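The values are calculated or read from the model by the stated rules, or taken from the named source; none is laboratory data. Note that this is a predicted model, so its numbers are computed, not measured. Glycine gets a Cβ as well: all are built from the backbone with ideal geometry, and neighbour counts include every protein chain shown. For the accessible areas, the whole protein counts, side chains as well, though only heavy atoms, and no ligand, DNA or RNA atoms are used. Shrake-Rupley method; radii C 1.70, N 1.55, O 1.52, S 1.80 Å.
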Amino acid sequence: MSADDVERPTVLLDHVEGVEVENFGQLYINGQWVAPTGDGTRTLIDPTSEEPWATVTSGGGVADVDRAVAAAKRAFITFSQTSIDERIALVDRIITAYERREADLAQLIAQEVGVPISFEAQVAGPAGHMRVARDLIRSYAFEQQLADTIVRREPIGVCALISPWNWPIQTSVIKMIYGIAAGCTMVLKPSDASPASGVALAEVMAEAGTPPGVFNLVIGRGSVVGNALSLHPDVDMISFTGSTDAGIRVGVSAAQTVKRVCLELGGKSANIVLTDGNLEKAARWNIQRGFSNTGQSCHAPSRLLVHESQLEDVLPFLVDEIDRMRVGDPRDPATTHGPLVHAQQFNSVQKHIRIGLDEGGRLVTGGLGRVEGFERGFFCKPTVLADVTRDMTLAKEEIFGPVLVVMPYKTEAEALEIANDSIFGLGGYVFSEDRKRGYEFSCGLRAGRISYNGAGTNSFTPMGGYKQSGIGRSMGVFGLEEYLDVKSIYGFEEEAHTLPLHGSSR
């Protein structure tokens, strides 16, 4: 059956005015929209109304992965040899095509996963990441001379990119744009919960004139498509963002063919307010950062550590900041916080709140059930529990929802011990009015990203975690180098000045 024979599924876009996503029922392989080999479909449920709004394929299978990887492998032969200028031109075209679709994409992820359109970073941020990658390769030294040796950094090959639903656009863009900047080819598998976003991104890549086979999209179940990509002998590198449990499975599968693995996994980040820290600022910032994206963020500061003498003082600030939140329809520009992504996530968060109460946590605000005034939709009450100790479930497990636990400490040494007492090490946050004291405490945290006094991150610096929060880094120079292999060529010391060392004009 050809792509023209594909029967387009019914797509209900009643609440997504102006959005045009033409290829819901197809995969994108070798520059063509094609039918999946399987015939399974997935109904997408609007997390705000709990009503179906679209049907997409879930029929992508091993044969589709084989087709996509074969296309990427063929394309790599020529794309890996393109000049830096050619890649820059391609990135510029992708940026142009992407920015034409930004308004569509904001409406789409509001419908698909409940991200408020007011949360501009979700859709506006990716273009900035693309510009950083583009500008980086203008000056990056892909070759350098060391004694009698030329050390080359070369594109690693075919890359499998597996992205999550909580940042469905930005995470996918970061993965694919650094792969393209490096000269790699790729197969993208979006999350089962956000396949429409993946289709929209594939349409952007097609509009930009991405050479056939350089970018491919396969939609399907993680247990089928994700596993096939992880095991595939012609995939040279896999970049995965998701839960730690799923990342472990990816790593085990990838080890069968000794491919490079870059993993960004779970987190249970601590925000430590030292005794000289601004308590109100720390509390309000913790709610703003921790409950953004409805708490569905691996970097969320989900543990707030305060000195035992300040515990009661911090709680009113937390409650007041939550009261300022505007929970509602994510398509309403006034909404600051939308629903959780789906029923499974809502039920998981409810289970964790119940466990926290049963284990002795003191409910400060929120609790079980939907937000008042909502009879439908996966609207979880923003919840704070105090008197949580390090042995309790809520201090250990990633909840991935708008739930904060407040934990007391007696000394700074104990605070550091509590913060590091986790299998995770993705992020950390420190509030102190003493820069030296704050820096020294930050250095003691076992995590990949530390923010002092609520400082924002940026697109130039590496993102990744310690311990079971992941392997490798994304973004900036560190992110680019995940997609590069290193080669040493010996014996060229005398003639080196005559060789065209590859750099910005390769």
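For the reader, a short list of remarks on this structure follows.
- Residue in the stretch 301-322 that is touching a residue at least 24 places away in the same chain (Cβ under 8 Å), assigned to a loop (DSSP other than H, G, I, E, B) and either touching a helix residue (DSSP H, G or I) at 6+ places or on another chain (Cβ under 9 Å) or surrounded by fewer than 22 Cβ atoms within 10 Å (Cβ to Cβ) (or both) present: no
- Elements of the type strands (runs of 3 or more DSSP E) sitting completely within the stretch 1-46 and holding at least 3 residues that are out of contact with any Asp or Glu (no Cβ under 8 Å at 6 or more places or on another chain) and modelled with pLDDT of 80 or more: these cover 32-34.
- Here S243 fulfils each of the conditions (1) of a type in the set (G, A, S); (2) surrounded by fewer than 20 Cβ atoms within 10 Å (Cβ to Cβ); (3) free of Cβ contacts under 8 Å to residues at least 12 places away in the same chain apart from (3).
- Filter result for the condition that a residue is touching a residue at least 24 places away in the same chain (Cβ under 8 Å) and farther than 20 Å from N30 by Cβ, over G198, G213, G222: G222
- Residue that is nearest to H129 (Cα to Cα), among those in the stretch 440-461 that are part of a loop (DSSP other than H, G, I, E, B) and over 21 Å from the mean Cα position of the chain (by Cα): N453
- Yes/no for S230 being touching a residue at least 60 places away in the same chain (Cβ under 8 Å), under 26 Å from T96 (Cβ atoms) and open to solvent by less than 10 Å² (accessible area, probe 1.4 Å): no
- Candidate set from the stretch 59-73 (those that are closer than 12 Å to A35 by Cα and touching a helix residue (DSSP H, G or I) at 6+ places or on another chain (Cβ under 7 Å)); member that is surrounded by the most Cβ atoms within 10 Å (Cβ to Cβ): G60
- Unique residue being modelled with pLDDT of 95 or more, of a type in the set (G, A, S) and more than 25 Å from the chain's Cα centre (by Cα) when the list is A68, A63: A63
- Residues of the stretch 406-428 that are among the hydrophobic types (A, V, I, L, M, F, W, C) and assigned to a loop (DSSP other than H, G, I, E, B): I423, L426.
- Residue check, G198 within 16 Å of the chain's Cα centre (by Cα), surrounded by fewer than 18 Cβ atoms within 10 Å (Cβ to Cβ) and in a helix (DSSP H, G or I): no
- The single residue among V56, V115 that is under 28 Å from A228 (Cα atoms), surrounded by 15 or more Cβ atoms within 10 Å (Cβ to Cβ) and touching a Pro at 6+ places or on another chain (Cβ under 7 Å) turns out to be V56.
- None of E433, E481, E414 is open to solvent by 10 Å² or more (accessible area, probe 1.4 Å) and within 30 Å of I84 (Cβ to Cβ) except E481.
- Filtered residue count, the stretch 353-405, keeping only those that are assigned to a helix (DSSP H, G or I) and either open to solvent by less than 10 Å² (accessible area, probe 1.4 Å) or at positive phi (or both): 4
- Residue count for the stretch 159-173 under the criterion of being touching a Cys at 6+ places or on another chain (Cβ under 8 Å) and open to solvent by less than 10 Å² (accessible area, probe 1.4 Å): the result is 1.
- Test: residue in the stretch 74-92 that is more than 11 Å from I180 (Cα to Cα) and crowded, with 19+ Cβ neighbours inside 10 Å: yes
- Against the criterion of being more than 30 Å from R138 (Cα to Cα), at pLDDT 95 or above and assigned to a loop (DSSP other than H, G, I, E, B), R437 does not qualify.
- Residue in the stretch 333-345 that is closer than 23 Å to L315 by Cα and in contact with a Pro (Cβ under 8 Å, 6 or more places away or on another chain) present: yes
- Selected residue (only one of A106, A110, A121, A127 is out of contact with any strand residue (DSSP E or B) (no Cβ under 6 Å at 6 or more places or on another chain), more than 30 Å from S49 (Cα to Cα) and among the hydrophobic types (A, V, I, L, M, F, W, C)): A127
- Test for D329: is it on the phi < 0 side of the Ramachandran plot, touching a Leu at 6+ places or on another chain (Cβ under 7 Å), charged (D, E, K, R) and surrounded by fewer than 24 Cβ atoms within 10 Å (Cβ to Cβ): no
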